[in-house]
Amino acid sequence: VMREGKMCMDLIKANMDQLLSMGVKLEYIFDSRVCTVCDPGYFSYRRDGSKAGRMISAMMFKGTRI
């Protein structure tokens with residue numbers, strides 16, 4: 001993906017492709033459409049460099065179905 005003349009990785013697509021390749025069904029994947037670079041309400045090292053705050057995210061599988 002090109003953004004402001006720079007090549008950027010499409011993290012949403014990369015994560016989606018990885019989950020689907022692992023057998024996770026599309027109906028169990030939720031994309032919030034939040035962009036941490038674009039939304040100043042989130043910390044972003046890509047946007048702010050080393051002065052950015054830190055955050056953590058997680059995912060989990062419920063039950064045995066993926």
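The values are calculated or read from the model by the stated rules, or taken from the named source; none is laboratory data. Given the structure is predicted, the values throughout are model-derived calculations rather than measurements. Don't worry about glycine lacking a Cβ; one is built from the backbone with ideal geometry, like all the others, and counts go over all protein chains shown. Surface accessibility is based on the protein's heavy atoms, side chains included, excluding ligands, DNA and RNA. Shrake-Rupley method; radii C 1.70, N 1.55, O 1.52, S 1.80 Å.
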In square angstrom, what is the accessible area per residue of the chain with a 1.4 angstrom probe?
92 Å²
Enumerate the lysines that residue 25 could reach by cross-link, defined here as Cα to Cα under 17 Å, with residues fewer than 8 away along the same chain left out.
13, 62
Sorted from largest down, give the three principal axis spans of the alpha carbons of the chain, whole angstrom values.
40, 26, 16
Roughly how many percent of the accessible protein surface of region 24-66 is carbon and sulfur, given a 1.4 Å probe and a whole-percent answer?
58 percent
Would you calculate a helix-derived [θ] at 222 nm for the chain, using -39,500 (n - 2.57) for each DSSP H run of n ≥ 4 and dividing by the full residue count, to the nearest 500?
-6000 deg cm²/dmol
Loop sites only, by DSSP: take the chymotrypsin sites (Phe, Trp or Tyr not before Pro) in the chain that have at most 11 other C-beta atoms within 10 Å and name the longest stretch containing none of them.
31-60
Could you tell me how many degrees, from 0 to 90 and to the nearest 10, lie between the Cα long axis of helix 11-21 and the main elongation axis, the longest principal axis, of the Cα atoms of the chain?
20 degrees
Full extension between residue 34 and residue 50 adds, at 0.36 nm per residue less the Cα distance, a length in nm of 3.6 nm
Within the chain, which is the longest segment that contains none of the trypsin sites (Lys or Arg not before Pro) sitting in a DSSP loop with at most 15 other Cβ atoms within 10 Å?
1-24
